[in-house]
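In what follows, a structure is listed as structure tokens, so that the remarks can point back to it.
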Amino acid sequence: MSTRTPTARRSTSRAAATTTATAEAARPDRRQAILLAAEKLFAQHGYHAVTIRQIAEEAGVPLALVGYYFGPKHELFHAIFEHWSHTIEERLAGLAQVNNDPDDAHTLPRIIDAFTAPVLALRASAEGEYYALLVARELYHATEEADRVLRGYFDPLATAYIDALHLALPHATRAQVAWGYQFALGALLHHLNDSRIERLSRGENKRADPAVAPMLVNFIVGGLRAALPKPKPKSKLPRAQQKTPTRRPKT
């Protein structure tokens, strides 16, 4: 029969859990495993449908280790986007390299390519597949945690691209360009997340195929130009068609 009090036993249990977590934390691959497991499960099922226990099981780590590294679930969710924040910086760097000349027909395609290409490459990569799906899912399903991430990471990106599009389409208002950005984002997110294309194409197309990136760019550019057309210049009649005033004969 144990002579330890319940308080002593609880203290011993907490100490053992702490010791286990500390020992596991010495393995640097554990933190990355938790992050990847969370990405995968959040992307597949959504933030609210996933528990910390499920993440620990997917990562193959003790439950206590998830909290040791990341704290509450919402902090783990935030850590995923912090981990991939360099991809946003890459898209902003690509935008900065575009010579934004509204009179150059290549300006708009270059802006859209800078907007879409890094995301498509990420979706096609083994390491970035679930993150790209997670972004697409959370943008579609607005939750409190997703909104916090959007405001912190993606709103500055969106603002920069809307400003660039407005420079490239100076005849439109910024409000109109903001709508255009939303429509472009919708096309990109649907391409990232959709799987019906394989069925609808009777097996000829592959979901999220990066080979169709030029078609996606042309689709978005064509839509923006059609929705926000340049005003037609006022036509001037040729001199031959211009009426000359008739002179009255002198009396």
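Each value in this text was obtained by applying a stated rule to the coordinates, not by laboratory testing. Keep in mind the model is a prediction, meaning the values are calculated, not measured. All Cβ positions, glycine included, derive from the backbone under ideal geometry; neighbour counts span all protein chains shown.
General remarks:
- From most to least packed by mean Cβ count within 10 Å, the peptides 138-147, 96-105 give 138-147, 96-105.
- Sites residue 125 and residue 29, calculated FRET efficiency, Cβ-Cβ separation with R0 25 Å, nearest 0.05: 0.80
- Shown is the FRET efficiency for residue 63 and residue 234, computed with R0 = 45 Å from the Cβ-Cβ distance and rounded to the nearest 0.05: 0.05.
- Cut-off 13 Å between beta-carbons: net charge of the residues surrounding residue 194, Lys and Arg +1, Asp and Glu -1: +4
- Between the listed residues 216, 170, 205, the Cα displaced farthest toward the positive end of the dipole of segment 84-227, a dipole computed from Cβ unit charges relative to the Cα centre, is found at 205.
- Annotation for segment 135-209: trypsin sites (Lys or Arg not before Pro) lying in DSSP loop with at most 11 further Cβ atoms inside 10 Å of their Cβ are 202.
- Spin-label model, residue 207/residue 194: points 7 Å from Cα along the beta carbon direction are separated by 1.3 nm.
- Neighbourhood net charge (13 Å Cβ-Cβ; Lys/Arg +1, Asp/Glu -1) for residue 150: -2
- When peptides 211-219, 126-134 are ranked by their average number of other Cβ atoms within 10 Å per residue, the highest-first order is 126-134, 211-219.
- Here the label points at residue 171 and residue 147, each 7 Å from Cα along the C-beta direction, are separated by 3.8 nm in the simple model.
- Length gained on full extension, residue 51 to residue 215: 55.1 nm, using 0.36 nm per residue less the C-alpha separation.
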